[in-house]
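**Q** Below is one structure. I have some questions about it.
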Amino acid sequence: MVKHMKNIVVLTGAGVSAESGIKTFRDAGGLWEGHDIMEVASPVGWHKNKNLVLDFYNKRRRQLLEVSPNLAHRALVELEKHFNVAVITQNVDDLHERAGSSNVVHLHGELFKVRSTGNPTLIYTHRKDLNIGDVCEENSQLRPHIVWFGEAVPMLDKAIEITEKADILIIIGTSMQVYPAAILINYAKSGIPVYFVDPKPAIHEKSFLNLTIYPENASTGVAKVVNELIEK
Ligand SMILES: NC(=O)c1ccc[n+]([C@@H]2O[C@H](COP(=O)([O-])OP(=O)(O)OC[C@H]3O[C@@H](n4cnc5c(N)ncnc54)[C@H](O)[C@@H]3O)[C@@H](O)[C@H]2O)c1
């Protein structure tokens, strides 16, 4: 007999990739790798200094080629044997996919993709540096396929739809300060089990009827949550 599998939705932030060697954002005092985020991750920053923005993402892309998924990314893959799992990530890295997660939604875009500034439907896989003069097939400059501050979040509706269907929610390594990602949890059904793994948890007991907090690093905390759910 095939048992109906419950839906698990996993919301991840920069903290899930911290132990792979990619710095989080808030932990660096609101700077992203030493940069004011409005200079490197906003349309205003792009218009002001395209070279700076391209250089910033070129460095992030090179770094991503050198790091690997950690135990937390890997433990989440185990859940797929027992549950329908959807990962909704704020991260622009591809470490969930490389670990083997099969259903990943990127709310804020992807480092290994670029798109046309003239025609946003032209999106390309791109793992190398991106420079001024690199153009799409319609001859427009290419830009990183990243949702910058102040831009619309095209995957938000899909993420809301997925979150509404969750039977269990797992939240990992996010300061819950970036909107609209932070409001996603409001779409979860009331009373479902919620697990939150973060050494500095930004969610407290009162936030949910059924919340378990693991105030620790993702590598150990996620393994505990996964074991608990598989053994239940
Ligand atoms: N890996 C990436 O793709 C990456 C890295 C940095 C920033 N960003 C972008 O910056 C924004 C930052 O928002 P955010 O809430 O995701 O991150 P954030 O930097 O605002 O918060 C990071 C959270 O991770 C926690 N954390 C630190 N080390 C951890 C560990 N070992 N295990 C578990 N948790 C740990 C911190 O306590 C904090 O709550 C996002 O929009 C994201 O797109 C992405």
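The values are calculated or read from the model by the stated rules, or taken from the named source; none is laboratory data. Note that the structure is a prediction, hence the values are computed from the model and not measured. Methodologically, a virtual Cβ is constructed for each residue, glycine included, from the backbone with ideal geometry; neighbour enumeration extends over all protein chains shown. Calculation scope for accessible area: heavy atoms of the full protein, side chains included, ligands and nucleic acids excluded. Shrake-Rupley method; radii C 1.70, N 1.55, O 1.52, S 1.80 Å.
**Q** Cut-off under 17 Å on the C-alpha distance; same-chain residues fewer than 8 positions from Lys189 excluded. Which aspartates and glutamates are left, in chain and number order?
**A** Correct list for Lys189: Asp157, Glu161, Glu164, Asp167, Glu205.
**Q** Rounded to the nearest 500, what is the chain's calculated 222 nm mean residue ellipticity when only DSSP H runs of at least 4 contribute -39500 (n - 2.57) each, over all residues?
**A** On the way: 8 runs with 67 residues, N = 232.
Rounded to the nearest 500, the figure is -8000 deg cm²/dmol.
**Q** For region 92-188, with every protein chain kept in place, what is the accessible area per residue (1.4 Å probe, Å²)?
**A** On the way: 4510 Å² over 97 residues.
Spelled out: the 1.4 Å probe surface of region 92-188, per residue, equals 47 Å².
**Q** Let me ask another. Exactly which chymotrypsin sites (Phe, Trp or Tyr not before Pro) in region 49-123 are in a DSSP loop and have at most 14 other Cβ atoms within 10 Å? Numbers along the way, then the final one.
**A** On the way: sites: Phe56, Tyr57, Phe83, Phe112; in loops: Phe83.
Answer by residue number: there is no such site.
**Q** Enumerate the amide H contacts of Glu216 below 5 Å, restricted to partners 5 or more residues apart or on another chain; note that Pro and chain-start residues carry no placed amide H.
**A** Residues meeting the amide H criterion: Asp198.
**Q** Shifting gears a bit: Find, among the GluC sites (Glu not before Pro) in region 87-152, those assigned to loop by DSSP (not H, G, I, E, B) with at most 14 other beta-carbon atoms within 10 angstrom.
**A** Sparse-neighbourhood loop GluC sites (Glu not before Pro): Glu137, Glu138, Glu151.
**Q** Once both labels are modelled 7 Å past Cα along the beta-carbon direction, what's the Glu216-Glu164 spacing in nm?
**A** 3.7 nm
**Q** Stretch Ile37-Glu228 to full length: gain in nm at 0.36 nm per residue minus the Cα-Cα span? Can you show the working numbers first?
**A** Values: separation 191, 0.36 × 191 = 68.76 nm, distance 3.78 nm.
Length difference between fully extended and current span is 65.0 nm.
**Q** Label-point separation (nm) for Lys59 and Arg98, each offset 7 Å from Cα along Cα-to-Cβ?
**A** 1.9 nm
**Q** Anything over 30 Å Cα to Cα? Flag those among Lys59/Lys165; Lys6/Lys224; Lys165/Lys232; Lys6/Lys59; Lys6/Lys113; Lys48/Lys200, in the order listed. Walk me through the intermediate numbers first.
**A** Values: Lys59/Lys165 37 Å; Lys6/Lys224 19 Å; Lys165/Lys232 20 Å; Lys6/Lys59 40 Å; Lys6/Lys113 32 Å; Lys48/Lys200 35 Å.
Correct reply: Lys59/Lys165; Lys6/Lys59; Lys6/Lys113; Lys48/Lys200.
**Q** Accessible surface of Val77 in the full protein assembly, 1.4 angstrom probe, to the nearest 10 Å²?
**A** Rounded to the nearest 10, that gives 40 Å².
**Q** Using the Karplus curve 6.51 cos²θ - 1.76 cosθ + 1.60 with θ = phi - 60°, what ³J(HN,Hα) values do you get for each residue of region 72-81, in whole Hz, with x for Gly and Pro?
**A** With coefficients 6.51, -1.76 and 1.60, one gets 5, 4, 5, 4, 4, 5, 4, 4, 5, 6 Hz.
**Q** Right, next: In whole Å, how far is the Cα centre of region 30-80 from that of region 158-232?
**A** 23 Å
**Q** Using a 1.4 angstrom probe on heavy atoms only, work out the carbon and sulfur share of the accessible area of region 114-170 in %.
**A** Working: 1560 of 3080 Å².
In region 114-170, the share of accessible area belonging to carbon and sulfur is 51 percent.
**Q** As a test, work out the antiparallel percent of DSSP beta bridges whose residues both lie in the chain, rounded to the nearest 5. Don't skip to the end; give the middle numbers.
**A** Numbers: 10 of 32 bridges.
In the chain, DSSP labels about 30 percent of beta bridges as antiparallel.
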